[in-house]
Amino acid sequence: MVRYFARQYARRMGRRVDVIPSAVMDALVAYSWPGNIRELQNLVERAVICSTGDRLDVPIPEISERLSAPQPGSARTLQEAERAHILEALKDTRWVLAGPRGAAIRLGINRSTLQFRMKKLGIERSLA
């Protein structure tokens, strides 16, 4: 598909794209393409426009950032979501567990339940 789109857009623009580096192909294959085929088309079109010479230059760091960043709606385990939610509440309350402004009240659970969950999820306050 990448080669097809590159040839198609290069022909339209009166350019020539003969080389697609293997690092570019590897990055493109590793990406999940949540925007489907249109996202790939747009990326290749932009790469053809920005490329100089006969080599397709694709911004690999941009693709790498997309790979490492969690996608909206990406699946997390329930434990990961619970851990993140508890950590957010603890940070917001400056690690105060109980009391009217504590994390337990904010989470809608008892202090002892919060402590149990923290222990189960391996959440400890660092003293650094």
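From the residues in the stretch 31-48 that are hydrophobic (A, V, I, L, M, F, W, C) and surrounded by 11 or more Cβ atoms within 10 Å (Cβ to Cβ), which one is modelled with the lowest pLDDT?
From the stretch 31-48, those hydrophobic (A, V, I, L, M, F, W, C) are 33, 37, 40, 43-44, 47-48; that's our starting set.
If we keep only those that are surrounded by 11 or more Cβ atoms within 10 Å (Cβ to Cβ) as well, we get 33, 40, 43-44, 47-48.
Details: TRP33: 75, LEU40: 86, LEU43: 86, VAL44: 89, ALA47: 88, VAL48: 90.
Result: TRP33.
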**Request:** State whether the residues of the stretch 73-96 include one that is among the hydrophobic types (A, V, I, L, M, F, W, C), in a loop (DSSP other than H, G, I, E, B), over 30 Å from TYR9 (Cα atoms) and modelled with pLDDT under 85.
**Result:** yes
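I'd like the full set of residues that are in a loop (DSSP other than H, G, I, E, B) and either touching a helix residue (DSSP H, G or I) at 6+ places or on another chain (Cβ under 9 Å) or surrounded by 11 or more Cβ atoms within 10 Å (Cβ to Cβ) (or both), limited to the stretch 14-30.
Of the residues in the stretch 14-30, the ones in a loop (DSSP other than H, G, I, E, B) are 14-18, 20-21.
Of everything in the stretch 14-30, those that are in a loop (DSSP other than H, G, I, E, B) and either touching a helix residue (DSSP H, G or I) at 6+ places or on another chain (Cβ under 9 Å) or surrounded by 11 or more Cβ atoms within 10 Å (Cβ to Cβ) (or both) turn out to be ARG15, ARG16, VAL17, ASP18, ILE20, PRO21.
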**Residue tally, condition surrounded by 12 or more Cβ atoms within 10 Å (Cβ to Cβ) and of a type in the set (Gly, Ala, Ser), over the stretch 85-114** = 5
**Hits in the stretch 10-30 - residues which are at pLDDT 85 or above and within 28 Å of the chain's Cα centre (by Cα)** = ILE20, PRO21, SER22, MET25
**Cross-chain or 6+ apart pairs with Cβ under 6 Å, the stretch 38-56 first and assigned by TED's automatic domain parsing to the domain that holds TYR9, then in a helix (DSSP H, G or I) and among the aromatic types (Phe, Trp, Tyr)** = GLN41/PHE5; VAL44/PHE5; GLU45/TYR9; VAL48/TYR9
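The values are calculated or read from the model by the stated rules, or taken from the named source; none is laboratory data. Only a predicted model underlies this, so the values are computations on that prediction, with no experimental measurement involved. We place every Cβ from the backbone using ideal geometry, glycine too, and count neighbours over all the protein chains shown.
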